[in-house]
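Input: a single structure, listed below in structure tokens.
The values are calculated or read from the model by the stated rules, or taken from the named source; none is laboratory data. The structure presented is a predicted model; accordingly, all values stated were derived computationally and were not measured. Cβ placement follows ideal geometry from the backbone for every residue including glycine, while neighbour counts extend to all protein chains displayed. To get the accessible areas, we keep the full protein, side chains included, count just its heavy atoms, and leave off ligands, DNA and RNA. Shrake-Rupley method; radii C 1.70, N 1.55, O 1.52, S 1.80 Å.
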Amino acid sequence: MIDRAETLRKLALNTARLTGIAPLLRPWTAGVGVILMLHRVTAAPGKPLAINDHLSISPAFLDVLIADMKRSGYVFIGLDEAIDRLKRGGRGPRFATVTADDAYRDNLLEALPILEKHDTPVTIYVAPGLIDGTVDLWWDLLEDVVTARERIEMKTPQGPLDLDCSTRAGKREASARLHDFFTREVAEEHQSEAVRALADSAGLDFTAPRRETLMNWDEIRGMARHPLVTIGAHTVHHYNLRRLSEEAALREIVDAGRALALHLGETPRHMAYPYGYESAVGPREVALACEAGYESAVTTRHGVLRAEHADHLHALPRLSVNGRYQRLAHMRTMLTGVTTPLANGGKLLVTV
């Protein structure tokens with residue numbers, strides 16, 4: 001199944017690079033720095049359907065990317081220093097700071113050795129509910145369900161859902177339909193219960209993806225003590241905040257900080273909005289993050305940092321380093337900033 005949106009994005013990247021537009025515009029578009037966004041960093045092969053492989057890059061690619069960015073003049077700093085630099089107008093050489101969402105165990109086992117090699121700080125955003133098992137890695141669990149089943153039949157308020165999973169293409173289409181169902185038609189607070197019921201119907205252990213791929217509290221505490229690591233908050237349950245009431249959204253943001261302080265002995269200074277795209281975070285959520293007292297908050301909006309982001313510290317964009325664009329040529333083009341306005345309706349300053 002061809003992902004037309006991804007094909008068009010890669011076409012734009014290659015066009016910007018091959019025509020020479022990207023390096024030509026770099027002095028005006030590259031901004032003062034960048035926040036890189038990681039999820040998984042692992043050399044292990046993905047699952048058979050590879051539905052969530054876009055969340056992964058290899059340690060080898062992270063290694064060459066950091067080295068390449070350093071050669072091109074980037075200074076890698078921690079998120080605290082990055083925020084301070086923005087407040088001071090972004091003066092000095094272009095900087096980069098690395099962030100990683102969800103606290104995958106491979107961040108400890110496979111990414112950290114690369115970061116140590118390059119003396120590169122990282123901020124890891126933790127959702128306590130995922131670590132405690134209150135909620136699950138539902139996107140991984142859905143992939144396991146469609147892999148295991150030939151057909152999925154579900155009763156929904158909108159009527160029966162009948163999905164043919166007998167072929168690889170059918171499984172991928174079923175996964176896309178289920179993803180839409182659980183992110184649009186099921187209330188956030190009921191999502192975990194519904195996904196677990198689906199896993200039970202397929203004879204699967206719904207705790208397995210979380211236990212096998214996320215760090216536990218002992219591992220997170222160990223990471224928090226590492227001089228290169230900062231722990232940030234990722235809300236309590238990794239819910240889409242825009243789908244919650246204002247009271248519930250604020251509770252998710254505030255209680256995440258409290259839970260992390262209880263487990264780690266230190267209140268997090270930074271947070272990341274779950275999902276982070278337009279339908280998951282807007283002006284209301286930014287105001288709530290400010291109200292909760294965080295020094296910064298990051299989205300998944302595509303963009304580099306500009307000096308003007310000093311006025312938007314709770315709506316910071318990032319560049320995703322992911323399996324879809326695991327090529328130096330692609331990352332070099334993104335880092336010129338030329339793709340920032342292309343992805344954001346012509347805007348160079350990306351907020352919400």
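Yes or no: Val126 of a type in the set (A, V, I, L, M, F, W, C), under 30 Å from Glu266 (Cβ atoms) and touching a strand residue (DSSP E or B) at 6+ places or on another chain (Cβ under 7 Å)? For Val126, the condition - of a type in the set (A, V, I, L, M, F, W, C), under 30 Å from Glu266 (Cβ atoms) and touching a strand residue (DSSP E or B) at 6+ places or on another chain (Cβ under 7 Å) - is met. Evaluating Ala44 against the criteria (1) in a loop (DSSP other than H, G, I, E, B); (2) under 17 Å from Ala111 (Cβ atoms); (3) touching a strand residue (DSSP E or B) at 6+ places or on another chain (Cβ under 7 Å) leaves one unmet condition, (3).
The rows are residues; the columns are (1) among the acidic types (Asp, Glu); (2) modelled with pLDDT under 95; (3) farther than 30 Å from Phe61 by Cα.
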residue: Leu112; (1), (2), (3): no, no, no
residue: Glu116; (1), (2), (3): yes, no, no
residue: Leu130; (1), (2), (3): no, no, no
residue: Glu143; (1), (2), (3): yes, no, no
residue: Val146; (1), (2), (3): no, no, no
residue: Asp164; (1), (2), (3): yes, no, yes
residue: Ala174; (1), (2), (3): no, no, yes
residue: Arg184; (1), (2), (3): no, yes, yes
residue: Leu204; (1), (2), (3): no, no, yes
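Looking across region 241-280, just one residue is hydrophobic (A, V, I, L, M, F, W, C), in contact with an Asp or Glu (Cβ under 8 Å, 6 or more places away or on another chain) and open to solvent by 20 Å² or more (accessible area, probe 1.4 Å), and that is Leu250. When every residue of region 129-139 is checked against the conditions, none turns out to be over 21 Å from Ala256 (Cβ atoms) and over 18 Å from the mean Cα position of the chain (by Cα).
Figure legend. Inter-residue proximity from region 83-94: first residues open to solvent by 30 Å² or more (accessible area, probe 1.4 Å), second residues assigned to a helix (DSSP H, G or I) and not hydrophobic (A, V, I, L, M, F, W, C), beta-carbon distance below 9 Å, spacing 6+ or different chains. Indicated pairs: Arg91/Arg85; Gly92/Arg85.
Is one or more of the residues making up region 244-253 assigned to a loop (DSSP other than H, G, I, E, B) and closer than 26 Å to Arg40 by Cα? Scanning region 244-253, I find no residue that is assigned to a loop (DSSP other than H, G, I, E, B) and closer than 26 Å to Arg40 by Cα, so the answer is no.
Does His237 satisfy being in contact (Cβ under 8 Å) with a residue 24 or more places away in the chain and within 25 Å of Arg184 (Cβ to Cβ)?
yes
Any residue at all in region 322-341 that is part of a strand (DSSP E or B) and closer than 30 Å to Trp217 by Cα? Looking for residues that are part of a strand (DSSP E or B) and closer than 30 Å to Trp217 by Cα, one finds none in region 322-341, hence no.
Would you say Ala315 is open to solvent by 20 Å² or more (accessible area, probe 1.4 Å) and in contact (Cβ under 8 Å) with a residue 12 or more places away in the chain? No: the conditions fail for Ala315. Any chance region 182-205 includes a residue that's more than 20 Å from the chain's Cα centre (by Cα), under 24 Å from Thr99 (Cβ atoms) and not aromatic (Phe, Trp, Tyr)? Within region 182-205 (the criterion being more than 20 Å from the chain's Cα centre (by Cα), under 24 Å from Thr99 (Cβ atoms) and not aromatic (Phe, Trp, Tyr)), the answer is no, since none of the residues qualifies. Residues in region 207-223 include at least one that is in a helix (DSSP H, G or I), buried (at least 16 other Cβ atoms within 10 Å of the Cβ) and at pLDDT below 95. Among the residues of region 110-137, those identified as closer than 21 Å to Ala233 by Cα and of a type in the set (A, V, I, L, M, F, W, C) are Ala111, Leu112, Leu115, Val122, Ile124, Val126, Ala127, Leu130, Ile131, Val135, Leu137. Phe181 meets each of the listed conditions (1) touching a residue at least 12 places away in the same chain (Cβ under 8 Å); (2) in contact with a helix residue (DSSP H, G or I) (Cβ under 8 Å, 6 or more places away or on another chain); (3) surrounded by fewer than 21 Cβ atoms within 10 Å (Cβ to Cβ); (4) of a type outside the set (Gly, Ala, Ser) apart from (2). Being under 18 Å from Leu342 (Cα atoms) and free of Cβ contacts under 8 Å to residues at least 60 places away in the same chain: is that true of Gly20 here? The answer is yes for Gly20. When region 35-75 is filtered for residues that are over 19 Å from the mean Cα position of the chain (by Cα) and hydrophobic (A, V, I, L, M, F, W, C), the ones remaining, listed by number, are Ala44, Leu49, Ala60, Val64, Ala67, Met69, Val75.
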